[in-house]
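The values are calculated or read from the model by the stated rules, or taken from the named source; none is laboratory data. Quick caveat: nothing in here was measured; it's all calculated off a predicted structure. Here the Cβ positions follow ideal geometry from the backbone for every residue, glycine too, while neighbour counts run over all protein chains shown. All accessible areas refer to the heavy atoms of the entire protein, side chains included, with ligands and DNA or RNA removed. Shrake-Rupley method; radii C 1.70, N 1.55, O 1.52, S 1.80 Å.
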Amino acid sequence: MPVSEIDSVERVIHARRTHKSYTGAPIDRATVERVLDAGRWAPNHRLSEPWRFYALDQAAIVRLIAFLRGTPQIVAGADPARASAKLEKLLARLPQAGALIAVTWVRGKDPTVDLEDHAATAAAVQNALLVATGLGLGSYWSTSAGLVHPLTLRWYGVDSAREAPIGCIWLGHAAEAPVAPPRRPLSERLRWLEAA
């Protein structure tokens, strides 16, 4: 790969941000599929390709909002008032999205394989986020409780006996440009092991 292409990849990696505010303009299916196609090129042990994508266009997002509003069990739990407030915030934000993708991985019976497949699916999400950034789209990897609730997973068509959620990818035309968050220097996270 030429150095100029590597530089371009690094620029996209450094440019990726979490966008939580969108214009509401739709994202067409071909673009969503291009973003997700990058996900399938993520490294995965044994070529298990454990990721599964459940894509929602804006019409499906409207149906999802109606489902979430009509399913009070989603806010049940230890602190229903807090869960209800979070759900209302989610419901207010969802109409802005251009598309939404629920992402799961097929669970492995062997704990080691399952962990590898979870990591591979996380890598698939990152690939998708990077391509979205390269295309000039805003994106957000969300683990919102309402979007990964077992009843919501069933609504997507997820077989929860086989698959587990890793979150949702929001896509849209960003309404704002978030500032890069501070990152610790590599030297604080790197230790070279010297020869004995």
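Observations on the structure shown:
- Amide H within-cut-off set for GLY172, under 5 Å, with H built and near neighbours excluded: GLY98, GLY138
- Model label sites at ASP114 and ALA195, defined 7 Å from Cα along the beta-carbon direction, differ in position by 4.3 nm.
- Cα-based shape type of the range 102-188, given that a ≥ b ≥ c are square roots of the gyration tensor eigenvalues and the cut on a/c is 1.5: oblate
- Taking a ≥ b ≥ c as the square roots of the eigenvalues of the alpha-carbon gyration tensor, the range 77-146 is classed oblate because a/c is 1.5 or more while a/b is no larger than b/c.
- Distance between modelled label sites at ARG46 and ARG63, nm, 7 Å Cα→Cβ extension: 3.4
- Shape of the range 6-116, Cα gyration tensor, a/c cut at 1.5: oblate
- In loop segments of the range 98-184 as defined by DSSP, the trypsin sites (Lys or Arg not before Pro) with at most 12 further C-beta atoms inside 10 Å of their C-beta are LYS109, ARG162, ARG183.
- Karplus 3J(HN,Hα) series, Hz, for the range 92-106 with 6.51 cos²θ - 1.76 cosθ + 1.60 (x for Gly, Pro): 6, 7, 3, x, 6, 5, x, 6, 9, 10, 7, 10, 10, 10, 6
- Sites excluded, chymotrypsin sites (Phe, Trp or Tyr not before Pro) in DSSP loops with at most 14 other C-beta within 10 Å, longest stretch of the chain: 42-191
- Inter-centroid distance (Cα atoms) of the range 74-127 relative to the range 154-196, Å: 12
- The HN-Hα couplings worked out from phi for the range 20-25 by the Karplus form 6.51 cos²θ - 1.76 cosθ + 1.60 (θ = phi - 60°) are 10, 10, 10, 7, x, 5 Hz, whole numbers, x standing for Gly and Pro.
- The trypsin sites (Lys or Arg not before Pro) of the range 1-47 meeting both criteria, a DSSP state outside H, G, I, E and B (loop) and at most 14 other C-beta atoms within 10 angstrom of the site's C-beta, are ARG40.
- The accessible area of LEU115, taken with all protein chains in place and a 1.4 Å probe, comes to roughly 120 Å².
- In nm, spacing of pseudo-spin labels at GLU176 and ASP7 (7 Å Cα→C-beta vector): 3.3
- What the chain shows is 60 Å² of accessible area per residue, with the surface traced by a 1.4 Å probe over protein heavy atoms.
- Accessible carbon and sulfur surface of the range 76-196 relative to its total accessible area, %, 1.4 Å: 57
- Working note: 222 nm ellipticity from helices only, DSSP H runs with n ≥ 4, each -39,500 (n - 2.57), summed and divided by the residues of the chain, gives -13500 deg cm²/dmol to the nearest 500.
- Entry note, the chain: relative contact order of 34 percent, from Cα contacts under 8 Å with a spacing of 6+ residues.
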